[in-house]
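**Q** Structure in structure tokens, see below.
The values are calculated or read from the model by the stated rules, or taken from the named source; none is laboratory data. Being a predicted model, the structure only gives us computed values, none of them experimental. Please note: Cβ atoms are built from the backbone with ideal geometry, for glycine as well, and neighbour counts cover all protein chains shown. When the accessible area is computed, the model is the full protein with side chains, heavy atoms only, and any ligands, DNA or RNA have been set aside. Shrake-Rupley method; radii C 1.70, N 1.55, O 1.52, S 1.80 Å.
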Amino acid sequence: MENRYSRQQLFTPIGERGQQKIRQKHLLIVGVGALGSAVAEQMTRAGVGKITLIDRDYVEWSNLQRQQLYTEQTAIQKMPKAMAAKERLNQMNADVDVHAVMDDANVETLTSLIQQVDVIIDGTDNFDTRFIINDLAQKYKIPWIYGSCVGSYGATYTILPQETPCLHCLLQAVPNTGMTCDTVGIISPAVQLVASYQVAEALKLLTENVAALRGTFLTFDVWQNRHFEMKMDAAKNDVCPSCGDEPIYPHLAYAEQTKTAVLCGRDAVQIRPAQKREYDLQKMAQLLEGQGKIQSNPFLLSCQLEEHRVVIFRDGRVLIHGTNNIQTAKTIYYRLLG
Ligand SMILES: [Zn+2]
């Protein structure tokens, strides 16, 4: 049989040696939605030794427009994304050891997965999880590649522990734009571009071509035809609690994590964000228009989705009615609020 990696090996910076390195490496992909799917497919075809996927969600019809590992069949069956992804990836390249984890990506699960990996790819849809990844990556000295996209916009940055600024240096607190793929939509070219930039950086890391890393925070808008790159070195903060001289990894502490509680007898789950957020309920109501029937008063906003009613309080607390399942509630929460 012809060598399936021949074209990749002909590419001089990788070569046969680079291919051997790729073969020995372990990649963790956190979240296999749109970004995670696109990255997982490219990395599987590239022949990475082992890929671990973690995702708590199942496949839905509205995923099919951009989440390339899923089919109508997996959506009809409501297959867990991690399992559906593994099956599809195995069909593409049986040499790759795909380890699928159907679970919430939190401090506990990520700590157990992260320690044997060489690179972490961000395929998440929320900043709570990204800040956990950021702290763990610093603690265990693992490079991770941030990626996000919404609408026609995308952003990506490669974070190297002890070298580049970390996500905490760049953002300091969890941003709260209220814009998510479920409120303002998303088109697949935005996803594919971010994923491709992430894969290019991952290939450089896995083949130890560190000098080729981009070194900039990159953003683009494929609809507005904008592309912007910025060096971020100056943002590195010596007293950063995540990557500074005396790190305390604040997002690994219990108090900093998003809290969930099942409200007994009420068929509802309460979610309290890690950091207090002050929501502008009027703006929120505009963003959620089209999602369901909205009612609001000065204190809270209620949005009736198909079978769930979501109540958002001004201080960021959210009640999700119509479920006793924390995973279902979290999925709805991050979809609406990012
Ligand atoms: Zn930092």
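**Q** Rounded to the nearest 20 Debye, what is the dipole magnitude of the range 176-255 about its Cα centre when Lys and Arg each give +1 and Asp and Glu each give -1 at the C-beta?
**A** With Lys and Arg at +1 and Asp and Glu at -1, about 260 debye.
**Q** When only Cα pairs under 8 Å and 6 or more residues apart are kept, what is the percent relative contact order across the chain?
**A** Relative contact order for the chain comes out at 14 percent.
**Q** I'd like the Karplus ³J(HN,Hα) series for the range 195-204: coefficients 6.51, -1.76, 1.60, θ = phi - 60°, whole numbers in Hz, and an x wherever there's a Gly or Pro.
**A** Taking θ as phi minus 60°, the curve returns 4, 5, 5, 5, 5, 4, 5, 5, 4, 5 Hz for the range 195-204.
**Q** Can you give me the solvent accessible area of Arg266 with a 1.4 Å probe, rounded to the nearest 10 Å²?
**A** 130
**Q** Of the options His251, Ile320, Val269, report the single residue whose Cα projects farthest towards the positive end of the charge dipole of the range 251-338 (beta-carbon charges: Lys, Arg +1; Asp, Glu -1).
**A** Sorting the options by dipole projection puts first His251.
**Q** Something else: If R0 is 35 Å, what FRET efficiency do you get for Asn209 and Ile248 from their C-beta distance, rounded to 0.05? Before the final figure, lay out each step's value.
**A** Details: r = 33 Å, r/R0 = 0.95.
Approximately 0.60, to the nearest 0.05.
**Q** Treating only the Cβ of Lys, Arg, Asp and Glu as charged (+1, +1, -1, -1), what charge dipole size does the range 215-338 show about its Cα centre? Round to the nearest 20 debye.
**A** 460
**Q** How big is the Kirkwood radius of the range 2-65, worked out from every pair of different alpha carbons and given in Å to one decimal?
**A** Mean inverse Cα-Cα distance, inverted, gives 13.2 Å.
**Q** For Glu60, enumerate residues with amide H under 5 Å from its amide H, sequence gap 5+ or separate chain, H modeled in the peptide plane.
**A** Excluding prolines and chain starts, which carry no amide H, there are no hits.
**Q** Let me ask another. Can you work out the Karplus-derived ³J(HN,Hα) for every residue in the range 51-66? Use 6.51 cos²θ - 1.76 cosθ + 1.60 with θ = phi - 60°, whole Hz, and x for glycine or proline.
**A** After applying 6.51 cos²θ - 1.76 cosθ + 1.60, I find 10, 9, 10, 10, 7, 9, 9, 10, 6, 10, 4, 6, 7, 5, 4, 9 Hz.
**Q** Counting only helical runs of four or more DSSP H residues, what would the 222 nm mean residue ellipticity of the chain come to if each run contributes -39,500 (n - 2.57) and the total is spread over all its residues?
**A** Per the formula, -9500 deg cm²/dmol.
**Q** Which value, in debye to the nearest 20, gives the size of the charge dipole of the chain about its Cα centre, when Lys and Arg are +1 and Asp and Glu are -1 at the Cβ? Before the final figure, lay out each step's value.
**A** Numbers: 34 positive and 36 negative charges, 33 e Å.
With only Lys, Arg, Asp and Glu charged at Cβ, the dipole is about 160 debye.
**Q** Please list, ordered by chain and number, the residues whose modelled amide H lies under 5 Å from the amide H of Leu305; skip anything fewer than 5 residues away on the same chain.
**A** Answer set, sorted by chain and number: Val310.
**Q** Sticking with this one: Give me the extension gain from Gln291 to Leu64: residue separation times 0.36 nm, minus the current Cα-Cα distance, reported in nm with one decimal.
**A** 79.8 nm
**Q** Next question. If r is the Cβ-Cβ distance from Thr216 to Ser6 and R0 is 35 Å, what FRET efficiency results, to the nearest 0.05?
**A** 0.65
**Q** With point charges of +1 on the Cβ of Lys and Arg and -1 on the Cβ of Asp and Glu, referenced to the Cα centre of the range 78-236, which listed residue (Thr109, Ala200, Asn225) lies farthest in the positive direction of the dipole?
**A** Of the candidates, Asn225 comes out farthest on the positive side.
**Q** Got a sec? Charge dipole of the range 25-67, +1 on Cβ for Lys and Arg, -1 for Asp and Glu; which of Thr52, Gly33, Leu64 is way out at the positive end?
**A** Of the listed residues, the answer is Thr52.
**Q** Of all beta bridges DSSP finds with both residues in the chain, what is the antiparallel percent, to the nearest 5?
**A** Here the share of antiparallel DSSP bridges comes out near 70 percent.
**Q** May I ask you to evaluate 6.51 cos²θ - 1.76 cosθ + 1.60, the Karplus curve with θ = phi - 60°, for each residue of the range 277-289 and list the ³J(HN,Hα) values in order in whole Hz, giving x for glycine and proline?
**A** With coefficients 6.51, -1.76 and 1.60, one gets 10, 9, 7, 8, 5, 5, 5, 4, 4, 5, 5, 8, 4 Hz.
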